[in-house]
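Peer 1: First, the structure itself, so that you have it in front of you.
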Amino acid sequence: MKKLLLKKVFLTLLIVSLLSIGLTGCLDIVVPPSETETGTVKLVVSGNYYYDLTMDGVTRFSNKQPGTYTLTNVPIGNHTFEAIDVDGASYGYESVTQYISTGTNYVYLEP
């Protein structure tokens, strides 16, 4: 009787542990960055024409003249910023990779 009870307990523990290991691998828990894990970026663009401004390959501002543009809630870490002339990169282009920390960060682009 004890052997049968021991086998049932062992099999139950085995099944529960296998299911818990298998199911925990399927969950993705994404926590959005908090205010203390983001910063503000001021893009300072100089030049003579109009530019598309990107961050990490995503266009954030299109067809903008030289000036200062603000990006908020940027996660801390390294990011690549680009200013690309609207007529093409051969007319004006600059790329800057910069570490963004909490607070205000200035990125200077001179295409």
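Every number here is computed from the coordinates shown, using simple stated rules; none is lab data. Not measured: the values here are computed from a predicted model. Quick reminder, even Gly has a Cβ in these numbers, built from the backbone with ideal geometry, and neighbours come from all protein chains shown.
Peer 1: How high is the relative contact order of the chain, in percent, with contacts defined as C-alpha pairs under 8 Å that are six or more residues apart? Don't jump to the answer; show the numbers that get you there.
Peer 2: On the way: 196 pairs, mean separation 31.1, N = 111.
In percent, rounded to a whole number, it is 28.
Peer 1: If you consider only alpha-carbon coordinates, what radius of gyration and Dmax does the stretch 34-86 have, in Å?
Peer 2: Reported Rg and Dmax, both Å: 11.6, 37.
Peer 1: Let me ask something else about it. What dipole magnitude, in Debye to the nearest 20, does the chain give about its Cα centre under +1 on Lys/Arg Cβ and -1 on Asp/Glu Cβ? The partial results should precede the final answer.
Peer 2: Details: 7 positive and 10 negative charges, 279 e Å.
Rounded to the nearest 20 debye, it is 1340 debye.
Peer 1: Using the Kirkwood radius over C-alpha pairs as Rh, can you work out the diffusion coefficient of the chain via Stokes-Einstein at 4 °C, viscosity 1.567 mPa s, in µm² per second? Intermediate values should be presented prior to the final figure.
Peer 2: Numbers: Rh = 17.5 Å.
So the translational diffusion coefficient is about 74 µm²/s.
Peer 1: Which net charge results for the neighbourhood of ASN48, defined as the other residues with beta-carbon distances under 15 angstrom from its beta-carbon, given Lys and Arg at +1 and Asp and Glu at -1? Before the final figure, lay out the partial values.
Peer 2: Details: positive: LYS64; negative: ASP85, ASP87, GLU94, GLU110.
Residues near ASN48 contribute -3 overall.
Peer 1: Is it possible to state the helix-based mean residue ellipticity at 222 nm for the chain, with each DSSP H run of 4+ residues giving -39500 (n - 2.57), the sum divided by total residues, to the nearest 500 deg cm²/dmol? What is it?
Peer 2: -7500 deg cm²/dmol
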